[in-house]
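These notes are about the structure you will find just below.
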Amino acid sequence: MHADLLAMMQADEALGWRRRPCPVRLAVSLEPCVMCLGAAMVMRVDECYFALESPSDGGAALAAAWRPSPDLPWFAPPKLFGGIRREESRSLFRRYCDTAPESGARRWAQSLLTVSSPSAGP
Ligand SMILES: [Zn+2]
């Protein structure tokens with residue numbers, strides 16, 4: 001289970017999604033994967049704040065290229081804001097890599113440690 005998907009499911013149970021009184025914001029330590037980005041679109045998350053980029057499976061590039069259908073204008077990715085507490089998140093992944101046994105998940109997490117930060121916008 002991906003943590004962001006679990007958080008959205010718990011928020012759905014606690015708040016409901018159809019008549020929510022305020023924008024829904026998701027804050028996670030890692031760029032949402034494509035699956036979680038799709039879930040956020042279905043659950044109509046308005047904004048997503050994440051710490052560390054995940055170029056191998058993150059959904060930010062897809063969200064940036066998304067063009068809503070005129071028939072389903074609401075079906076769009078949340079606004080994504082990356083780099084929030086990036087180094088703190090990278091430290092958490094480093095700690096995991098230092099203690100976890102060898103596995104595919106550990107090798108994937110190690111790949112996150114060397115991701116360079118995107119250049120700052122204008
Ligand atoms: Zn995910």
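The values are calculated or read from the model by the stated rules, or taken from the named source; none is laboratory data. Fair warning: this is a prediction, and the values are worked out from it, not measured in the lab. Here Cβ is always computed from backbone atoms with ideal geometry, including for glycine, and neighbour counts include all displayed protein chains. Surface accessibility is based on the protein's heavy atoms, side chains included, excluding ligands, DNA and RNA. Shrake-Rupley method; radii C 1.70, N 1.55, O 1.52, S 1.80 Å.
First select every other residue whose beta carbon is under 10 angstrom from the beta carbon of PRO32; then total the charges, Lys and Arg +1, Asp and Glu -1.
So the surrounding residues net to -3.
For ALA27, nonlocal amide neighbours, meaning residues 5 or more places apart or on other chains whose placed amide H falls under 5 Å from its own, are TYR49. Would you tally the net charge around GLN110, using a Cβ to Cβ cut-off of less than 14 Å, leaving GLN110 out, and scoring K and R as +1, D and E as -1? Taking every Cβ under 14 Å from that of GLN110, the sum is +3.
Summing Lys, Arg as +1 and Asp, Glu as -1, what charge do residues with Cβ under 13 Å from the Cβ of SER56 carry, SER56 excluded? Don't skip to the answer; put the middle values down first.
On the way: positive: ARG107; negative: GLU31, GLU53, ASP57.
Charge balance in the 13 Å sphere: -2.
Using a probe of 1.4 angstrom and keeping all protein chains present, the accessible surface of the chain works out to 65 square angstrom per residue. Within segment 58-90, which residues have the backbone N less than 13 Å from the label spot 7 Å out from ASP46 along Cα→beta-carbon, could you tell me? Within reach of a label on ASP46: 78-79.
Note on the chain: with neighbouring protein chains present and a 1.4 Å probe, carbon and sulfur make up 59 percent of its accessible heavy-atom surface. Look at the alpha carbon pairs under 8 Å that are at least 6 residues apart: their mean separation over the length of segment 3-85 gives a relative contact order of 32 percent.
So which GluC sites (Glu not before Pro) in segment 71-103 end up in coil per DSSP with only 15 or fewer other C-beta atoms within 10 Å?
GLU102
For the chain, the 222 nm mean residue ellipticity estimated from helices alone, with every DSSP H stretch of n ≥ 4 adding -39500 (n - 2.57) and the total spread over all residues, rounds to -12500 deg cm²/dmol. Were the residues from ARG85 through ASP71 laid out at 0.36 nm apart, the gain over their Cα-Cα distance would be 1.3 nm.
So what's the chain giving for Rg/Rh, alpha carbon basis, Kirkwood Rh from the mean inverse pair distance?
Details: Rg = 15.4 Å, Rh = 15.4 Å.
In the chain, Rg relative to Rh is 1.00.
Helix 86-99 against the longest principal axis of the chain: what's the angle in degrees, Cα atoms only, rounded to the nearest 10? That helix lies at roughly 50 degrees to the long axis.
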